[in-house]
Amino acid sequence: MVLIKKAESFERWYRIIELADFAMDVDGWTVLLPNGLETWHLAMDRLNDLLLTVGYQNWSFPVTAAKAELLPAAEIILKAIRKRLKKKADLPLLIDNYINLQLRKKAGLPLLADMESAANESWGVFATQKEAEDGVKVLLTAYRELLSGICRLDYLELLRPWMGNGYIIGLDGQLPDGRVINIGTISYLDQHAARRARIKVDGAYPYIIRANISARLLGLLAAVHGDVRGLILPPVIAPLQVVIIPIFTGLTKTRVLEKSGEILGRLAAAGYRAHLDDRPIRAEQKVHEWELKGVPIRIEIGLAELTARQVTFVRRDFLERISISEARLENELIELADSISFQLRKRAMEALLVQDAASLKEARAKAAAGFVRMPLCMRLACGRRLAAAGLSARGTLFGKAEFPPSSCAVCGMRAKAWLYAART
Ligand SMILES: [Zn+2]
């Protein structure tokens, strides 16, 4: 049992991502493990569906190593194997290498501090500014569906100016220790990118937009939804949505396993990613392992359930036990998965904190817990003073006019905007 509370020591709690087969650190590089990688694939498949629907097409570009140091990949793989292999029972360990690009070693936690990592990016090239800015909105909608709808997270869309008319919208989430991390960006590059790359269509420079989502999303997902027992994965992207744990004695073994197999068949037929854990180990140990890995729904079947023609559901978020009639299995599962999804998003929204600050001192104190919002004159000098005070300016709220009170929290001059900041 992990039993370290996130609120007590987030960094110590975060070690569960390795125990949960999600990701691990090897000498400053992040290795995605099966549970994390599959969650990533499921999330990216959903994003891909969303993007294809609005007209994007899949391309694949080469990864060039012109400027990067060449990675001693085999050495890292061997070190990872050394770190993973604890006992003979861990063999065979069969690895199909999923390449994720990391240009620099990181200082910090795996997935959360990565500069470059597994990522997905989209580019849009348009004839007019209007179409390009509409394109930004389309991508924002797709990312909202991915981050809020599918991953059940909460985040802010923060606008930062770029060259000329250009701008960048940062998608910033908040970790349980109050730190803010960027998980994606959507940039409106105006005609600058085309001009620099000498891209011309019928004598005119097109308008380019670019969006990307980082695997830091996985780190945020683990950190925000997880609890003292491990991860809690949103049902839609959980690699395993339902795990069945048969509970039997020598006498009831055959009947319980038979019933468990039948229930597994019904789950598979209904389209669930389900698994029957019939390993010859204690049920408590199985429960512990699947809770750690974040499987959202557990079904327990024992003699009592057999007799009553029931199954017992245990939901991973509340760890609540619910007995339901076997006949209602499929219907109840749909409701339960919806309810867990709803709860995860609700908790994520409650955890994201934005506090107002009227002075630099107040901003610094409040940034320990999450985002701070302060009225700012938006002059460069005040931006520098923010940075010197250990605060990073994340931007102004995108798509929503917010009117600040009269004076800048740093210099006292007329405030132009509510600026969102976080500790660096
Ligand atoms: Zn100022």
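Values in this text are rule-based calculations from the coordinates and carry no lab data. Since the model is a prediction, treat every value here as computed from it, not as a measurement. Here Cβ is always computed from backbone atoms with ideal geometry, including for glycine, and neighbour counts include all displayed protein chains.
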Using a/c under 1.5 as the rounded threshold, could you call the chain rounded, prolate or oblate? The axes a ≥ b ≥ c are square roots of the C-alpha gyration tensor eigenvalues, and prolate needs a/b larger than b/c, oblate otherwise. prolate
Please determine, in degrees from 0 to 90 and to the nearest 10, the orientation of helix 34-53 with respect to the longest principal axis defined by the Cα atoms of the chain, where the helix direction is its Cα long axis. 60 degrees
Nearest 10 degrees, 0 to 90: helix 73-84 Cα axis against the chain principal axis: 40 degrees
Helix-derived [θ] at 222 nm for the chain: sum -39500 (n - 2.57) over DSSP H runs of at least 4, divide by residue count, nearest 500? -10500 deg cm²/dmol
Under 5 Å between amide hydrogens, which residues at least 5 positions from Ser407 or on another chain qualify, with H placed 1.01 Å from N in the peptide plane? Ala415
Counting only residues 5 or more places away or on other chains, whose amide H sits under 5 Å from the amide H of Ile181 once H atoms are built in the peptide plane? Gly173, Gln174, Leu175
Helix 253-269 against the longest principal axis of the chain: what's the angle in degrees, Cα atoms only, rounded to the nearest 10? 40 degrees
With both partners inside the chain, how many of the DSSP beta bridges are antiparallel, as a percent to the nearest 5? 85 percent
Using modelled amide H (1.01 Å from N, peptide plane; none on Pro or chain starts), what sits under 5 Å from the amide H of Ala23, excluding residues fewer than 5 places away? Glu18, Leu33
May I ask you to evaluate 6.51 cos²θ - 1.76 cosθ + 1.60, the Karplus curve with θ = phi - 60°, for each residue of region 302-313 and list the ³J(HN,Hα) values in order in whole Hz, giving x for glycine and proline? x, 4, 4, 5, 4, 5, 8, 6, 10, 10, 10, 8
Using the Karplus curve 6.51 cos²θ - 1.76 cosθ + 1.60 with θ = phi - 60°, work out ³J(HN,Hα) for each residue of region 280-287 in order, rounded to whole Hz, and write x for Gly and Pro. x, 10, 4, 4, 4, 5, 4, 4
Taking the Cβ-Cβ separation of Thr53 and Ser392 as r and a Förster radius of 35 Å, what is the calculated FRET efficiency to the nearest 0.05? 0.50
Could I have the simple spin-label model distance between Asn165 and Ala358, label points 7 Å from Cα toward Cβ, reported in nm to one decimal? 4.0 nm
Distribution output for region 137-234: share of Cα-Cα pairs per 10 Å bin in percent, first bin at 0, values 15, 39, 25, 14, 6, 1, 0
So what's the gap between the Cα centers of region 175-227 and region 251-309, to the nearest angstrom? 42 Å
